[in-house]
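Here the structure comes first, spelled out in structure tokens, and everything after it is commentary.
The values are calculated or read from the model by the stated rules, or taken from the named source; none is laboratory data. Since this is a predicted model, take the numbers as computed values, not measurements. Positions of Cβ are backbone-derived with ideal geometry, glycine not excepted, and every protein chain shown enters the neighbour counts.
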Amino acid sequence: MPITSPRLDRTALRAQFPALAQEVGGHPLVYLDNAATSQKPQYVLDALTAYYEHDNANVHRGIHELSRRATVAFEGARVKLAKFIGAADSAELVWTRGTTEAINLVASSWGMDTLGEGDEILLSSLEHHSNIVPWQLVARRTGARIRYIEMDEQGRLILDDLPELLTDRTRMVAVSHISNALGTVNPIREITEQAKKVGALVLVDGAQAVPHRRVDVQELGCDFYAFSGHKMCGPTGSGGLWGRRSLLESMPPYQGGGEMIRTVGREESTWAEIPHKFEAGTPNIAGAIALGAAADFLDEVGFDRIAEHERELLSYALERLDDLGGIRVYGPTDLDERSGVISFTMGDAHPHDISTILDSRGIAIRAGHHCAQLVMQHFGISATARASFYLYNSTDDVDRLIEGLASVKEIFGPA
Amino acid sequence: MTEAPLTSLYQALILEHYRHPRNKGELADHTVEARVANPVCGDEVKIQIRLEGDRIEEIAFDGQGCSISQASVSMMTALVKGTERSEAIRLAEVFTDMMHGSEDASSDRSLGDLRALQGVSKFPVRIRCALLAFDALREALGTGLEPDPLGGAAHNDGSQEETTH
């Protein structure tokens, strides 16, 4: 199926996502849970099916036609994704199951090999649990210490604290590009510049950024960049870790098995070149190929358009929420500092109740702590309701959300 | 997800218990205590009971979470206060049956205000919220937890304690 043209004809674009064309509880689906996962266009689904229908074979080993085709498509997708995130060299892109595995890879391989007693890992209090827990695991085993960049009342990192937090013991700064819980866009360049001064490495959790804006890992100046395929129109279980060649080459393998070795002896083995050193076992071949298709799809629509569209939706939604009243929205007030994520609470209507009421009207949002309990603690709450936008959402979706929230107000009464 | 009417879920009695919970607070002279939480959504319930023999002489709870979890624990405490342990366990079973759609259970008048929660059974993803109260009660009375068919099992955080007896 061809990608839509004109590129941002909303109806034509939306029609390319089969899952969006359904009714839920007798209402047309309004999908506003994109920060959790995105829907998939037919173009990506076709790529997935085409691989299984025509080219299904294992990669890098079979001397036969199907294996050759599968390998070409699989490695072609790597080149595509490397370019997509601005990497200079596709060997610097390791396929992973997603952001979580990418961070665990670095924490485990680099961390266990490098960190020692008293070394410091600097995180931020707006991180997703996947950028906290892997570091806690490695800190416990190495004696390293975890410190946090705190945030202000708008959920923005307090960078004024950085000079004090970055010490000659800081070995790693691991921070998200965009917060999944609040939508805060972090000034990564500023963080990497300061981290370099003390010789610390920087890992960026890009799960919420890569789907929504043009990312250039070289321009950001970071050392590692982790991302997920399923939030950017790709399949679940796909994603990657970008790392600087010299670092990836110096790091020990993350998992052992087939694909990642050069030679295996009785006592010792030697490793394959990067990125294969980090890809033990049969990889998610179909996932990688379909993720390549997702990157093509997003490129065709264009990130300028996507970013502009999401900003319009965000601005419109914030205005309508304000008109509705009785809603507390968390996160930065300046639209330049946030992405299309709206985390909110409504008086004593618990986020789960809000979500149930919206669900009964066919509107999907997320309710809970969003795997960011430190963020919830910062604001003294246990949960928020979260609506998050993507390229296929429209102002009609926002209108439906507002109608749904008006119904929450009716049931729960004024805040 | 469902066409079940919201009005069956958010009945006035439920919202009334949610806003004005019964038996909320600390019970200084409790003899047993249990905390349960649903890690999936963050709902928490702690109950404290003063048992005299096999009788639930006093009961109090503390907690946070959605209207369903907090209203059900308020209703549960009001219902089991003054009952024998065996009766409280029977009520837990009847209520659990009602959540799993049993018609007999939902017409059992001994459930009192808890019958207002019958509509929750039509909302599968919220059943766990309603069961949290009785999970805590069973835990406090030492009778174990129900396995959760949806996998989002409530779990004891290990703080169950038996104080004096």
Problem - Hey, A:VAL202 modelled with pLDDT under 95 and of a type in the set (A, V, I, L, M, F, W, C) or not - result: no
Handout entry: Which listed residue, of B:GLU16, B:GLU44, B:GLU103, is more than 16 Å from B:LEU137 (Cα to Cα), within 14 Å of chain A (Cβ to nearest Cβ) and among the charged types (D, E, K, R)
Key = B:GLU16
Fill in the blank from the handout: Over region A:73-90, the set of residues among the hydrophobic types (A, V, I, L, M, F, W, C) and more than 22 Å from A:HIS230 (Cα to Cα) is A:ALA88
Practice task
Confirm whether A:ASP33 is touching a helix residue (DSSP H, G or I) at 6+ places or on another chain (Cβ under 8 Å) and either within 14 Å of chain B (Cβ to nearest Cβ) or in contact (Cβ under 8 Å) with a residue 12 or more places away in the chain (or both).
Solution key: no
Completion exercise
Among A:THR37, A:THR49, A:THR100, A:THR11, the single one that is out of contact with any Asp or Glu (no Cβ under 8 Å at 6 or more places or on another chain) and modelled with pLDDT under 95 is A:THR11
Fill in the blank from the handout: Exactly one of A:ALA73, A:ALA57, A:ALA107 is more than 30 Å from A:VAL138 (Cβ to Cβ) and part of a helix (DSSP H, G or I), and that one is A:ALA73
Exercise for the section: Please work out if A:GLY62 is assigned to a loop (DSSP other than H, G, I, E, B) and either exposed (fewer than 15 other Cβ atoms within 10 Å of the Cβ) or free of Cβ contacts under 8 Å to residues at least 60 places away in the same chain (or both). Expected result: yes
Problem - So A:ARG366, is it touching a helix residue (DSSP H, G or I) at 6+ places or on another chain (Cβ under 8 Å), of a type in the set (D, E, K, R) and crowded, with 19+ Cβ neighbours inside 10 Å - result: yes
Handout entry: Top-ranked residue in region A:389-415 [being buried (at least 20 other Cβ atoms within 10 Å of the Cβ) and more than 22 Å from A:ASP348 (Cα to Cα); ranked as nearest to the other protein chains (Cβ to nearest Cβ)]
Key = A:ASP397
Completion exercise
Exactly one of A:LEU318, A:LEU335, A:LEU313, A:LEU324 is more than 30 Å from A:ASP205 (Cα to Cα) and more than 14 Å from chain B (Cβ to nearest Cβ), and that one is A:LEU324
Problem - From the options A:ARG171, A:ARG189, residue that is part of a helix (DSSP H, G or I) and of a type in the set (Lys, Arg) - result: A:ARG189
Exercise for the section: Go through (1) surrounded by 15 or more Cβ atoms within 10 Å (Cβ to Cβ); (2) in contact with a strand residue (DSSP E or B) (Cβ under 9 Å, 6 or more places away or on another chain) and name the single condition A:SER67 misses. Expected result: (2)
Exercise for the section: Please find, among A:THR356, A:THR384, the residue that is over 19 Å from B:TYR10 (Cβ atoms), within 12 Å of chain B (Cβ to nearest Cβ) and surrounded by 22 or more Cβ atoms within 10 Å (Cβ to Cβ). Expected result: A:THR384
Fill in the blank from the handout: Selection over region A:229-286 where residues are in a strand (DSSP E or B) and buried (at least 20 other Cβ atoms within 10 Å of the Cβ) yields a count of 5
Fill in the blank from the handout: Taking region B:100-112 and keeping residues crowded, with 16+ Cβ neighbours inside 10 Å and touching a Lys or Arg at 6+ places or on another chain (Cβ under 9 Å) leaves B:SER106, B:ASP108
Fill in the blank from the handout: Counting only residues in region A:339-351 that are at pLDDT 95 or above and surrounded by fewer than 24 Cβ atoms within 10 Å (Cβ to Cβ), the one farthest from the other protein chains (Cβ to nearest Cβ) is identified as A:PHE344
Problem - Residues of region A:110-159 classified as closer than 23 Å to A:ARG189 by Cβ, of a type outside the set (Ser, Thr, Tyr) and assigned to a strand (DSSP E or B), total - result: 8
